[in-house]
1. How charged is the neighbourhood of Gly112? Take every other residue with its Cβ under 12 Å from the Cβ of Gly112, and add Lys/Arg as +1 and Asp/Glu as -1.
2. Gain in length, Thr105 to Gln135, computed as 0.36 nm per residue apart minus the alpha-carbon separation, to one decimal in nm?
3. Take peptides 67-76, 40-49 and line them up by average Cβ neighbours within 10 Å, highest first, as a rough protection proxy.
4. If you take the square roots of the eigenvalues of the alpha-carbon gyration tensor of the range 41-188 and sort them as a ≥ b ≥ c, do you get rounded (a/c under 1.5), prolate (a/b over b/c) or oblate?
5. With respect to the cross-link table entries Lys47/Lys79; Lys40/Lys62; Lys40/Lys74; Lys109/Lys129; Lys40/Lys79; Lys57/Lys79, which display a Cα-Cα separation exceeding 26 Å?
Amino acid sequence: MSKITKLFKTSGSSSKSRKGGPSPQEALFRLRETEDMLTKKQEYLEKKIEQELATAKRHGTKNKRAALQALKRKKRLEKHLTQIDGTLSTIEFQREALENSHTNTEVLKNMGYAAKAMKTVHKNMDLDKIDELMQDINEQQDVAQEISDAISRPVSFGEEFDEDELLAELEELEQEDLNSQMANVKLPSVPSAKLPSRPAAATSTRRRVEDDDDMQMLAAWAN
C-alpha cells in the first residue's frame, strides 16, 4: 500500500468519525491532552514571572526604564496566567460532566441488559403455577406442624384411672402405717412391789403427780 493510499484512507476514516461524532473516550482523551498542555504552560509562565520580577529588582532605581519594562512584562504574563487558570477550570468542568455522562450511559446500558435478562427469566414462569406451588408449600407446612404436635403429645396407652380412688387408697395406706406404728409402742410396766403407806394428803398429792406424768406420757406418745 502506497503512502498516498494510506493518507487518503486515514483522512477518510477521520471524516467518517467526524460525521458520526467523536466517542466519549476520544473527547476525554483530547480534553486531558489540553489540560496537560495548559498545565505545562502555567509552569512556564510562573517561571517567566519570577524571572521578570528578579530583573525588576536587579535594576531597581538604577535603571528605572529596564525595571519598568520587566514589571510590565510580568503583568502581561500574570494576566495570561489568570486566563489559563480560567480555561483549565472550564475544561475540568467539561471533562467531569463528560465522564459523568459516559458513566450514566454505561449504567443505563447495563441496567437495560439486566432488565432484558430478568424478562427472559420471568418469561418461563407462570404466576398461576407459582400460586399453586406456594399453596402446596403452606399446606405441607401445616401437615408437618400437625405431625409434630401429635408426636410431642403424651401417650396414655389406654390406661385411665379415677384420681379419687387413688387418693382414697393412699389414705388407707397411710392409716395402716399409722396403726402399725402405734402397735409397736410399749407402755411402761406397773411396779409389782407394794409401796409403803403414806399419809392421805401425801398419797393424794402423789397420785395427782403420777396422773399428770401419765397424761404427759400419753400425750407425748400420741404425738
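Only the coordinates and a few stated rules stand behind these numbers; no lab work does. On a predicted model such as this, the values are computed, not experimentally measured, just so you know. Backbone-built Cβ (ideal geometry, glycine too); neighbour counts: all protein chains shown.
1. Taking every other residue near Gly112 into account, the sum is +2.
2. Value of the extension gain: 6.5 nm.
3. Details: 67-76: 15.5, 40-49: 13.8.
Those peptides, ordered most packed to least, come out 67-76, 40-49.
4. Taking the square roots of the gyration eigenvalues as a ≥ b ≥ c, the range 41-188 is oblate.
5. In this structure, Lys40/Lys62; Lys109/Lys129 lie more than 26 Å apart at Cα.
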